[in-house]
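Report on the structure given below.
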Amino acid sequence: MTSAALGRPRGAWAESGRVRAFARDSLAIAATEVHKLRRDPTEIITRAAQPALWLVVFGQVFNRLRAIPTGDLGYLAFMAPGVLAQSVLFISIFFGIAVIWERDLGIVHKLLVSPAPRAALVVGKGVSAGLRGLAQAVIVYLIALLLGIRLRFGVGPLILVGLLVVLSSALFATFSLAVACLVKTRERFMGIGQLLTMPLFFASNAIYPLSVMPTWLRLLARVNPLTYVVDGLRGAMIRGGHSALGLGLDLAVQAAAVVGLTALAARLYPTLVR
């Protein structure tokens, strides 16, 4: 029986097949990255130290000082989403260095001659970054519970937090891939990565609200994607917390950035081997 007889145009079947093939290729790349992580989970373990230090040391001290106005939220509760966003940023922004290693080992050459679309290679990397980000979210949730921070545990809030973490991980990972394709060397990439992480973190609402910032810094924060990550997490993750910019805007900004950066990284990916 033909596709037309089944009531579905031939072009729709072909398009559906391309989507399935794209998803299959992307998941294959993501599965490879997850396999690496399963063989050597030390990265997740060592990354747990950073959010622990920020919450247990920095957060507790500033919670006692009460120097930063956070409205009805205690400072620890206000800061916890920012620490999660910071963890996602730090674990994703250096994702590109792995691609440079793969280039040096000849893996990128093999991927580029495969029939998989370049965008699928980038999306697969973004998905694997999202899985690493979810592991960081579990760690931050556990630390927050130990510190007595009141978290939302409903199905809706948890799904929303997971979506925000995956989107933000993919955002910074695809940005990292694009940078790696431009600089092409590990030394230059590490320098640029270290140059970017602290300004992105401090020019956001991660550890202080937008309202206390000087005007010039508030303007920078409004174009900083990390601001929208933190804002969304604060509304979804913390009891009594709310999104000052709107959850719809937070998700839209991240989704648009992921789409744009994926297209850019896919276009630049072949230049990595030139």
Diffusion coefficient in µm²/s returned for the range 113-156 by Stokes-Einstein, Kirkwood Rh over C-alpha pairs, 10 °C and 1.306 mPa s, is 122 µm²/s
For the range 85-147, inverting the pair-averaged 1/r of distinct alpha-carbon atoms gives a Kirkwood value in Å of 13.4 Å
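Roughly how many debye, to the nearest 20, is the charge dipole of the chain about its Cα centre, given +1 on each Lys and Arg Cβ, -1 on each Asp and Glu Cβ, and no other charges? If you can, show how the numbers build up before the last one.
Working: 27 positive and 11 negative charges, 78 e Å.
With Lys and Arg at +1 and Asp and Glu at -1, about 380 debye.
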With the charge dipole of the chain built from beta-carbon charges (+1 for Lys and Arg, -1 for Asp and Glu) about the Cα centre, the Cα from LEU27, SER92, SER243 projecting farthest to the positive end belongs to LEU27
Highest mean packing first, using Cβ neighbours within 10 angstrom, the peptides 76-87, 261-272 sort as 76-87, 261-272
In whole angstrom, largest first, the equivalent ellipsoid semi-axes that the Cα gyration tensor gives for the range 184-254 are 26, 15, 11
Whole-Å distance linking the alpha carbon centroid of the range 172-248 with that of the range 89-157 is 16 Å
Tilt, helix 10-39 to longest principal axis of the chain (alpha-carbon atoms), in degrees rounded to tens, equals 60 degrees
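Can you give me the convex hull volume of the Cα atoms of the chain, divided per residue and expressed in Å³?
158 Å³
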Tilt, helix 247-268 to longest principal axis of the chain (alpha-carbon atoms), in degrees rounded to tens, equals 40 degrees
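How would the range 118-255 be classified by its alpha-carbon gyration tensor: rounded, prolate or oblate, with rounded meaning a/c under 1.5 and the a/b versus b/c comparison settling the rest?
It comes out oblate by the Cα gyration axes.
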With R₀ set to 22 angstrom, the calculated FRET efficiency between the beta-carbons of GLU187 and VAL57, to the nearest 0.05, is 0.10
Here the relative contact order (percent) of the range 10-273, from C-alpha pairs under 8 Å and at least 6 apart, is 27 percent
With N residues in the range 52-172, Rg(alpha-carbon) / (2.2 N^0.38 Å) equals 1.33
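Each reported figure results from applying straightforward, stated rules to the coordinates on display, with no laboratory input. Keep in mind the model is a prediction, meaning the values are calculated, not measured. Neighbour counts run over all protein chains shown; Cβ positions are idealised from the backbone, glycine included.
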